[in-house]
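The block underneath contains the structure these notes are about, expressed in structure tokens.
Derivation of every value follows stated rules applied to the coordinates shown; laboratory data play no part. Note that this is a predicted model, so its numbers are computed, not measured. Note that we place each Cβ from the backbone using ideal geometry, even for glycine, and neighbour counts take in every protein chain shown.
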Amino acid sequence: MAEKVTATASDPSGALLYLHGGAFVAGSARSHRQITTMLALETNLPVYALEYRLAPEHPFPAALDDCLAAYQALLETVGDARRIFLVGDSAGGNLLLSALCQLRNDGMTLPGAAVAISPSTDLSCSSDSYETRKDQDFFLSRAGLEKDFATYLGSASPMDPAASPLYQDLHGLPPLLLQVGSDEILLDDSRRFADKLRASGGEVELEIWPDMIHVWHFFPHWLPEARSAVQAIAKFISRHSAA
């Protein structure tokens with residue numbers, strides 16, 4: 001099930017699929033409605049916020065399966081994959097990247113572009129920024145994420161490429177924008193993924209926003225950078241929209 005968010009001038013010929021964060025155990029279309037509303041207004045596309053299944057009741061790969069099914073349904077509705085765009089934050093960013101790799105592996109037509117906000121790309125929590133940014137990041141902690149990731153993974157390994165997209169073969173993915181805050185422990189998850197994707201010949205833009213926290217997009221009333229980041233997403237999507 002997905003919640004549809006539209007602006008007055010929404011273009012029905014395209015669509016944006018939004019995958020919310022929440023460490024795979026929390027979050028909903030409602031909790032992220034402020035972000036999806038801003039995206040609908042800035043992109044002029046209908047936004048579909050997916051209510052994927054959550055752990056512990058539904059461990060890996062249930063959420064990923066839901067994302068793949070949602071993309072397939074949207075593709076049947078829109079018709080042109082080049083007019084579909086994927087955006088996800090945190091755990092949703094993980095699912096987005098994992099879904100892109102699985103779609104490629106399955107020979108599916110890929111979306112026009114994708115945006116991952118503060119994604120967790122390595123569920124083994126081995127990025128250096130877990131230590132180097134732990135004093136700046138008041139929102140996330142290694143211990144908290146390790147617990148939530150273990151709940152999500154169940155019997156799966158955190159090094160499983162299907163769960164940790166950093167360990168995937170990254171060739172053949174659509175254009176990707178990564179946005180991450182300089183003060184979050186997941187900073188190097190984005191850096192490492194961008195480096196590997198670039199080395200694989202992929203088209204990737206990495207934006208490291210100075211002094212920003214995890215998914216600062218939540219706070220447009222307090223942080224002007226929140227709306228600026230969403231506007232940057234809209235510009236990226238516009239550049240990759242099929243004529």
How large is ³J(HN,Hα) for each residue in the range 32-46, as worked out from phi by the Karplus curve 6.51 cos²θ - 1.76 cosθ + 1.60 (θ = phi - 60°), to whole Hz, x for Gly and Pro?
-> 10, 5, 5, 5, 5, 5, 4, 5, 4, 5, 7, 8, 6, 10, x
Lysine-lysine proximity count for the chain, Cα under 27 Å, sequence distance 8 or more or distinct chains | 5
Of all DSSP beta bridges located in the chain, what percent are antiparallel, nearest 5?
-> 15
Taking Cα pairs under 8 Å and at least six residues apart, what relative contact order does the chain come out at, in percent?
-> 20
What order do you get for R239, R104 when you list them from fewest to most C-beta neighbours inside 10 Å?
-> R239, R104
Fewest-first sequence of D106, D189, D128, D137 by Cβ atoms within 10 Å of each Cβ = D106, D128, D137, D189
What's the local net charge at A40, with K and R +1, D and E -1, over the other residues with C-beta under 12 Å away?
-> -1
Longest DSSP-loop-exposure-free segment, chymotrypsin sites (Phe, Trp or Tyr not before Pro), the chain, at most 12 other Cβ within 10 Å | 1-137
If H171, H20, H214 are placed from fewest to most neighbouring beta carbons inside 10 Å, the sequence is H171, H214, H20
Work out, in µm²/s and without decimals, the Stokes-Einstein translational diffusion coefficient of the range 2-239 at 37 °C, 0.692 mPa s, Rh from Kirkwood over C-alpha pairs.
-> 189
Calc'd 3J(HN,Hα), the range 194-210, phi into Karplus 6.51 cos²θ - 1.76 cosθ + 1.60 (θ = phi - 60°), Hz, glycine/Pro = x, comes to 4, 4, 5, 5, 5, 5, 8, x, x, 9, 9, 10, 10, 10, 9, 8, x
Non-local residues with an amide H under 5 Å from the amide H of L206, with H modelled 1.01 Å from N and Pro and chain starts lacking one, are L178
